[in-house]
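Working notes, beginning with the structure itself.
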Amino acid sequence: MFERRFTMLIDGEALHGTSSFDVINPATAAAFASCPRADRAFADRAVAAAKAAFPGWAALPVETRAAAVAKLADALEARASEFASLLTAEQGKPLDQAMFEVMASVFTLRAFAGMRSETNVLKDEAGHRVIEHRTALGVVVAITPWNFPLVLAMNKVGPALVTGNTVVLKPAPTTPLTSLLFGELCAQVLPRGVFNLICDQNDLGEHLTRHPDVAKVAFTGSTATGRKVLASSADSLKRVTLELGGNDAAIVLDDVPPAVAARKVYDGAMANAGQICVAIKRAYVPEAMYDRFCDEIAKIARAAVVDNGANQGAQIGPVQNAMQFEKVKALLADAREHGRVLAGGQPLDRPGYFIPPTIVCDLDDDARLVREEQFGPVLPVLKYRDIDEVIARANDSEYGLAGTVWGSDVARATEVAMKINSGTVWVNQHLAIDPNIPFRGAKQSGIGGELGQTGLHEYTQPHIVNAIALETSP
């Protein structure tokens, strides 16, 4: 077991909670650390602390708040190696990918520290002045998932703090430790109560989202859980941001060399063992190059190094938790029955939740692996004959988070991308997420937006002030 003791943070105090639970290293399927657990009383204390701290924090000049967020970024960067090692242990991703997430978190905090909600003058003529300005909402509850536990928290914490809100963060129970470590930085940098952090075993979410003193809920996770979050927030009409699941399609055009396309699609599908909301989850390839593409991507998959993320050379780590491992195994069994497995296809016979990169071809569009979000290192490859057909098939999903189009003719590829019904479509690139560019989902992939000025504004209330000169004549 990891010897370090972790604590939650409420009103500037480090707290051990009412009990604790084990945190599992997915590379071994064994506990390696203990996490403190909160109950409803702790949750209420966290919200009360954030509510009490809100007026003073919101009243500070924005430059003061932004400087504090920038200081958090500096503190995180100074301990990047420590965070990365802990992230690999609790999440499973290879150490270089963990370091990438830590530095992306640093960059995200700095980006939001540089953003401002400016006052806009909508009209100013003949003594008639209309302005729009923005104010903080109050207490923000941020609920984060287990696939990118650190950077997805920063997507919420950064804009919330800069705009003057106070925060209660609840991380996923399978990956709480990097968030708790971040809480230690917050205790050193922020005033008491501005940032609070509690951990649970998925039993306090509804209590927090229903809480009358919470002004906004920012959630990243599955669409099924997102529906529950929206329902529980409805009674008080809380502001809600939901970044939910995806079944992101990749369309390969006929002017891309198969070997090039295979490498690009593989990388977009298998990063973080496929556990990315915007990972490529189904690939559409022209019929004429289908067999060659399948051969090339299967060759890449078979050569991948699947190992404990802490080991040098590891390229694919384990699936993060036992529940997801069982889900992916069930999808694999269905895919073996209805399609043709070209690489992988079976969990590795070793401790931990390891599934090798798996490529499946010859599936129908109604196969589970095509219709559902697998959230694991398993990719179906499907053939198509013409552009209109493949666009319709790509759009035939309840999800609409992201997608990619790959083509040598960028103008043509962009034209195809414009017809994909997703919040983001990348052309000849993947996972090009920038904290300065808005990110949002379509259909059942989310409500509201994160990142960019849009993401900043999600944490504010716009006010219109409409003024004219006082009429004094009788």
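The values are calculated or read from the model by the stated rules, or taken from the named source; none is laboratory data. Quick caveat: nothing in here was measured; it's all calculated off a predicted structure. Cβ atoms come from the backbone with ideal geometry, glycine included; neighbour counts cover every protein chain shown. Note: accessible area is taken over every heavy atom of the protein model, side chains too, but ligands, DNA and RNA are not part of it. Shrake-Rupley method; radii C 1.70, N 1.55, O 1.52, S 1.80 Å.
Can you say whether L470 is farther than 27 Å from T108 by Cα, open to solvent by 10 Å² or more (accessible area, probe 1.4 Å), free of Cβ contacts under 8 Å to residues at least 24 places away in the same chain and not in a strand (DSSP E or B), as far as the supplied structure shows? Here the answer is yes, as L470 does meet what is asked.
Let's see how each residue does on (1) hydrophobic (A, V, I, L, M, F, W, C); (2) surrounded by fewer than 24 Cβ atoms within 10 Å (Cβ to Cβ); (3) within 18 Å of S422 (Cβ to Cβ); (4) touching a Ser or Thr at 6+ places or on another chain (Cβ under 6 Å):
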residue	(1), (2), (3), (4)
V189	yes, yes, no, no
R192	no, yes, no, no
E206	no, yes, no, yes
D235	no, yes, no, no
K238	no, yes, no, no
D254	no, yes, no, no
K281	no, no, yes, no
A298	yes, yes, no, no
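The residues of the stretch 322-359 that are assigned to a helix (DSSP H, G or I) and surrounded by 14 or more Cβ atoms within 10 Å (Cβ to Cβ), listed by number, are Q324, F325, K327, V328, K329, L331, L332, D334, A335, R336, H338.
Annotation note: Cβ proximity below 8 Å between a residue of the stretch 231-251 that is farther than 17 Å from H211 by Cβ and of a type in the set (A, V, I, L, M) and a residue that is in a loop (DSSP other than H, G, I, E, B) and open to solvent by less than 10 Å² (accessible area, probe 1.4 Å) (sequence gap 6+ or interchain) occurs for L244/L401; L244/S445. Filtering the stretch 92-121 to residues that are surrounded by 17 or more Cβ atoms within 10 Å (Cβ to Cβ) and among the charged types (D, E, K, R) leaves K93, E101, R110.
Among the residues of the stretch 302-312, those identified as open to solvent by 50 Å² or more (accessible area, probe 1.4 Å) and either touching an Asp or Glu at 6+ places or on another chain (Cβ under 8 Å) or of a type outside the set (V, I, T) (or both) are R302, A303, A310, N311, Q312.
Scanning the stretch 282-318 for residues that are over 20 Å from G92 (Cα atoms) and under 27 Å from the mean Cα position of the chain (by Cα) yields a total of 5.
Take the residues of the stretch 400-412 that are more than 21 Å from the chain's Cα centre (by Cα) and crowded, with 21+ Cβ neighbours inside 10 Å: which is farthest from E373 (Cα to Cα)? The selected residue is G407.
One residue alone among P149, P159 is part of a loop (DSSP other than H, G, I, E, B), open to solvent by less than 20 Å² (accessible area, probe 1.4 Å) and either out of contact with any strand residue (DSSP E or B) (no Cβ under 7 Å at 6 or more places or on another chain) or not polar (S, T, N, Q) (or both), and that residue is P149. Listed here are the helices (runs of 4 or more DSSP H) enclosed by the stretch 59-140 that have at least 1 residues being β-branched (V, I, T) and over 29 Å from Y353 (Cα atoms): 62-78, 95-113. For the stretch 175-198, check the following and say yes or no: at least one residue is under 30 Å from A322 (Cβ atoms), in contact with a Lys or Arg (Cβ under 7 Å, 6 or more places away or on another chain) and either among the acidic types (D, E) or not in a helix (DSSP H, G or I) (or both). Scanning the stretch 175-198, I find at least one residue that is under 30 Å from A322 (Cβ atoms), in contact with a Lys or Arg (Cβ under 7 Å, 6 or more places away or on another chain) and either among the acidic types (D, E) or not in a helix (DSSP H, G or I) (or both), so the answer is yes.
Scanning for something over 21 Å from L190 (Cα atoms), among the acidic types (D, E) and in contact with a Phe, Trp or Tyr (Cβ under 7 Å, 6 or more places away or on another chain), does the stretch 109-129 turn up at least one residue? Taking every residue of the stretch 109-129 in turn, none turns out to be over 21 Å from L190 (Cα atoms), among the acidic types (D, E) and in contact with a Phe, Trp or Tyr (Cβ under 7 Å, 6 or more places away or on another chain). Could you please find all residues in the stretch 402-427 being part of a loop (DSSP other than H, G, I, E, B) and closer than 16 Å to A261 by Cα? Those that are part of a loop (DSSP other than H, G, I, E, B) and closer than 16 Å to A261 by Cα: G407, S408, D409. Give me the pairs: first residue in the stretch 383-395 and more than 14 Å from R282 (Cβ to Cβ), second residue part of a helix (DSSP H, G or I) and open to solvent by 60 Å² or more (accessible area, probe 1.4 Å), beta-carbon distance under 6 Å, and six or more apart or on different chains, which are they? Sorted first by the residue in the stretch 383-395, then by its partner, the pairs are R385/E287. Go through the residues of the stretch 48-57 one by one and say whether even a single one is assigned to a helix (DSSP H, G or I), in contact (Cβ under 8 Å) with a residue 40 or more places away in the chain and open to solvent by 60 Å² or more (accessible area, probe 1.4 Å). Looking through the stretch 48-57, at least one residue is assigned to a helix (DSSP H, G or I), in contact (Cβ under 8 Å) with a residue 40 or more places away in the chain and open to solvent by 60 Å² or more (accessible area, probe 1.4 Å).
The set of residues in the stretch 414-465 that are open to solvent by 50 Å² or more (accessible area, probe 1.4 Å), of a type in the set (A, V, I, L, M, F, W, C) and within 13 Å of the chain's Cα centre (by Cα) comprises L431, I433.
The number of residues in the stretch 4-13 that are surrounded by fewer than 16 Cβ atoms within 10 Å (Cβ to Cβ) and at pLDDT 95 or above comes to 1.
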